[in-house]
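All of the numbers you see were taken from the coordinates with simple rules; none came from a lab. In this text, all values refer to a predicted model and were calculated from it rather than measured experimentally. Methodologically, a virtual Cβ is constructed for each residue, glycine included, from the backbone with ideal geometry; neighbour enumeration extends over all protein chains shown.
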Amino acid sequence: MASWVDLLASVTGAFFLYKWFNFQHTRAKLAHIPTLGSDWFILSYLDAWRFVFKGHFIIEEGYSKYKGQTFKVACHTTESGWLVVISGLEMVEDMRKAPADVLSFRGASLDLIQTRHTSPNNFKATPFHIPVVRSPLTRTFPGRFADVTDEIRVSCDDWFRAGYVDPDFHSWLLGLMEPSTGRNPEYLNIQEMWTIQIAVAANLLCITPDWLKPIVGRLMPGHASEKRAKQILAPLIQKRLAKHVALGGNWEGKPNDLITWLIDNASPEDLNLDVINAKVMLINFASIHTTSLTSTNTLFDLAARPEYIAPLRAEIEEVVAAHGWTKDAMARLVKLDSFMKESSRLGGVATMAMRRKAYKDFVFSNGMVIPQGMSVCVASGPIQLDSDYYEDPMEFRGFRFVELRGKEAAGLESLQHQMVSLDPTYMLFGYGRNACPGRFFAVNEVKALLAHIILNYDFKIPGDSRVVPEPIWFSGGRNSNPTAEILFRKRK
Ligand code: HEM
């Protein structure tokens, strides 16, 4: 009779055989695309781990070898285990024009975030949060700009009293617009941690065998956080749902906030507490860390280049004196916009953009084929540092974009060279139909936060250093160094 050891050895052997067969099958499909690293079974698995910690170097190396073409890297966060990287602007345009049912943002995100297991409520629901961000949120915030700046003032006072910066105000702004719940420290902490919990769980799930994922997924702390957030928001959401059902879309005193917009845009199947709560969390997921990283990166770049502080302060003082703390004033802060954009061009939040999954075979105009089931992205980081697109690309020129606007006589209303504009040579917000719908809100929010800090605080890197602390890279994502410090002092 076979012992347990024999049985275990057979199951393990069968599992590896299955993995090996799958690997060979995928390798054959992608044989026409050069590999950066090894395309042998075990070695490519090790390369996928190397990508987690050295992804940005690997993408840079691929770009310098295959600029204008395509290469592939081993990667845990795709279904196939490979990520195809493109680098030519013509190919970027092909991707932009590809229909969503051929190259899918949602397909790539479901793999990347492992949504089926990390947040089943978001997985089951339709993506109705996207039109909510694109339309009512973006339309409403200019008229609510006083709320935005008030929240920034309150948050800055709290942070600097506490002695550290914890940019959390988004939950109140986006999620609730009701200070009693939105400023609830437990809720803010849950929402902030959820983003990290989902990112960690997704990476773990990507290397978990498929049959184990439902079990491992359920054990992840993100589920408990979503449940607790739901308990906190339940009274608010349920009251609104009840009114919506009883009185329809229009009732007296209906608040103009995210929960209302989500309820108004949800289909009948999505109109329930679980889904509305999950959508609030998802929108905060998309906005909290991206916005705080962008603000933090810009602050470090500015603290390391104090010569920019005086001209930026002068611009803010002049514009705010004439136009107050309004959305209109933010549009006039052209130097600050340029500085923020230059900071993101050289740093940003990731070295790749436009990750899509091919739901059908996709053929680029140069004949290159991405087979169905494979994931593809753009080497946006190296493109942003390429001398073909930027003069002296490695030099930090804070007013680079405002000078370009001046040269081309682009008026205030022109989006050209502004941080929100979409451009294949600047992909902080992605490109094409899935480009970030929250970018208008995000840029204005970051600008208002930085303008407030620049006007009200003196700041510097300890020891008057002019060196920006090294960022921490993870799977091609760029995070500010968590041990780095900036010293702040309230201006007299
Ligand atoms: C500086 C801050 C932000 C950055 C750098 C950023 C960046 C991005 C990027 C790169 C994408 C993917 C685009 C693509 O693949 O083409 C994206 C998508 C998205 N962002 Fe943002 N984002 C920011 C702030 C926000 C904010 C504040 C919100 C909400 C108010 C938001 C909501 C979304 C949503 C819902 C999507 C998914 C779009 C879709 O599925 O079509 N983002 N963002």
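The table that follows gives values for the structure above.
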quantity	calculated
Estimated 222 nm signal from helices in the chain, with DSSP H stretches of n ≥ 4 weighted -39500 (n - 2.57), rounded to 500	-17000 deg cm²/dmol
Of K254/K357; K19/K357; K67/K97, pairs whose Cα-Cα distance is over 30 Å	K254/K357
Residues L336, L43, sorted so that the one with the fewest Cβ neighbours within 10 Å comes first	L43, L336
Least to most buried among D270, D264, D157 (fewest other Cβ within 10 Å first)	D157, D264, D270
15 Å beta-carbon shell around Q384, net charge (K/R +1, D/E -1)	-3
Extreme residue, positive dipole direction of the chain, given options F105, L36, I486 (C-beta unit charges)	F105
Net length gained if the chain between L8 and M193 were fully extended (0.36 nm per residue, minus Cα distance)	62.8 nm
Sorted by Cβ neighbour density within 10 Å, fewest at the top, the residues E413, E90, E61	E413, E90, E61
Backbone N under 19 Å from the N250 label point (7 Å along Cα→Cβ), restricted to region 136-156	136
Percent of beta bridges antiparallel (DSSP, the chain, rounded to nearest 5)	80
Stokes-Einstein D for region 31-490, Kirkwood Rh over Cα pairs, 25 °C, 0.890 mPa s (µm²/s)	105
Sequence-separation-based contact order of region 31-490, relative, with Cα cut under 8 Å and 6+ spacing, percent	23
Listed residues P255, G398, F15: farthest to the positive end of the dipole of the chain (Cβ charges)	F15
Sum of side-chain charges, T118 neighbourhood, beta-carbon under 14 Å (Lys, Arg +1; Asp, Glu -1)	+3
Relative frequency of Cα-Cα separations exceeding 19 Å in region 58-163, percent	69
Kirkwood hydrodynamic radius (C-alpha pairs) into Stokes-Einstein, region 377-439, 10 °C and 1.306 mPa s, D in µm²/s	124
Surrounding net charge for G37, when Lys and Arg each add one and Asp and Glu each subtract one, Cβ distance under 11 Å	0
